[in-house]
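Below is one structure, written out as structure tokens; the observations come after it.
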Amino acid sequence: MQTRTKRDGKSATNANHGPTRGVRILPERVGRPNPYGVQWSESAWDEQSQQEKRRVRTLFFPTAADRERKAKALRDAKREGLLRTLSRREVDDWAAFQTATAGTPWHEVVAGWRAHLLAGGVVLSTVTVADQVADFLKRIGERVRAGTFAAGTEGHRKQKLGLFAEHFGHLRPAEVKTDQIAAWLDEQKTAAAGTYNNYRKTIGIFFSDCVRARLLAENPVARIPQRAEVRDEVGILTVPQLAQLFHTAQDFTDGEGRRKFAPALWRLSLEAFAGVRFGSACRLTREDVSPADKGIRHPAASIKTRKRHYVDGYPEQLWAWLAIAPAEALTARQYLELKSELFGVARVPHPHNCLRHSFATYHLAARSDPGKTAYLLCHRDQKKLWNHYKGNAAGAEGQRWEGLTPQTAPALAREWLDELAARIAPHP
């Protein structure tokens with residue numbers, strides 16, 4: 001610290017001190033009661049200009065030791081960033097605070113204020129939307145890997161929440177308002193009501209997580225209404241189309257004489273004749289399927305509801321098709337690619353989820369027992385059956401579907417091939 005003393009009317013550097021950094025040791029005032037001075041600068045409120053300005057302060061001491069103690073304290077405070085002088089405005093604010101709280105100690109006032117926030121379900125936090133999204137997705141990933149969430153959950157939520165965080169990531173969850181979220185939803189490519197509701201649901205789940213973490217008091221998405229969805233008819237295959245699909249899977253050979261699509265038969269049969277979802281068909285193993293008991297044990301990880309089920313009473317043709325299906329070790333991606341190619345080679349249309357929809361339609365038509373069909377589909381109730389499948393097929397078509405076996409498939413498939421030929425034949 002550099003200090004300066006005055007000798008013979010000139011300033012000289014005292015080698016015992018380093019750079020002063022704004023704290024100056026003043027020349028000794030010989031003959032004065034308090035000859036040893038120290039000087040420093042600080043911020044102060046200027047009433048005339050109504051702004052903070054720097055001002056210089058000076059103190060004198062009777063002994064050099066007193067001055068050095070003060071100078072050292074100033075230097076230490078400055079080094080630690082603690083040197084602070086209240087402005088007039090800050091003094092006035094503190095006085096007003098003391099008056100308003102009747103002199104209650106500030107820490108008691110703060111404790112009461114925090115209790116008020118907690119009672120409203122809010123905690124003070126600097127966590128941003130981006131921070132919480134990252135933490136939320138991390139926990140989703142852990143649950144997917146633990147088998148308590150479906151595999152596709154992480155990807156779906158990551159895509160939507162990633163877009164949301166790009167827009168609102170710098171804000172705290174409590175700072176994002178309902179009208180802002182509604183405007184953001186409108187800006188997404190969500191023309192279809194179902195897609196819009198999907199985005200709304202994902203963002204709502206995220207904010208529910210924020211409420212549980214007490215980052216805000218209520219879910220702002222709750223006040224955004226869903227859009228009414230117009231339910232289209234589900235896509236199903238005709239019985240001859242199903243027969244052609246399975247006949248191709250069973251008997252088609254490639255140029256080297258290999259039954260190319262036979263490895264897909266086992267899972268394909270579960271989709272078409274047990275109504276198992278694609279994702280569940282990929283997870284089920286042969287140990288889960290019991291031809292002897294005519295039942296399937298659905299592990300929680302293979303069910304959309306994440307609840308374990310043992311289901312029996314499936315139609316007889318399921319077991320006939322499973323019996324001729326060769327052992328295979330396809331991954332989900334390999335099965336998807338082989339299945340997609342099979343539809344093309346068989347020249348059969350491929351509406352979304354058509355095998356499960358076809359099972360629900362024809363089983364209901366054949367049995368006229370919505371409760372049984374819902375049970376086999378692992379539905380919680382019959383609502384979807386009445387909304388989507390009832391009346392899609394006549395009872396006679398349901399009976400034909402039940403008769404679709406490895407033995408009858410070639411003849412039934414011929415009906416679809418004849419129909420295709422008639423479509424492309426030239427008109428006379």
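Just so you know, all these numbers are worked out from the coordinates, no wet-lab data involved. It should be emphasised that the depicted structure is a prediction, and the values quoted were computed from it without experimental measurement. No Cβ is skipped: glycine too gets one built from the backbone with ideal geometry, and neighbour counts run over all protein chains shown.
Listing for the model above:
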| read-out | value |
| --- | --- |
| Sites E256 and E415 - FRET efficiency at Förster radius 22 Å, r taken between beta-carbons, to 0.05 | 0.15 |
| Added length on full extension, which subtracts the Cα-Cα distance from 0.36 nm per residue, E166 to A119 | 13.8 nm |
| Nitroxide proxy distance, nm - points 7 Å out along Cα→Cβ at E187 and N34 | 6.2 nm |
| Calculated FRET value between Y375 and R54, using beta carbons and R₀ = 51 Å, to 0.05 | 0.05 |
| Calculated from backbone phi, Karplus (6.51, -1.76, 1.60) coupling profile of the range 289-297 in Hz, x at Gly/Pro | 10, 10, x, 5, 8, 6, x, 10, 9 |
| Counting all C-alpha pairs of the range 129-223, share separated by more than 16 Å (%) | 53 percent |
| Compactness index (Cα Rg / 2.2 N^0.38 Å), the range 239-424 | 1.00 |
| Above-threshold pairs, the threshold being 31 Å between Cα atoms, out of K260/K294; K294/K339; K160/K372; K260/K372; K158/K339; K138/K372 | K160/K372; K260/K372; K138/K372 |
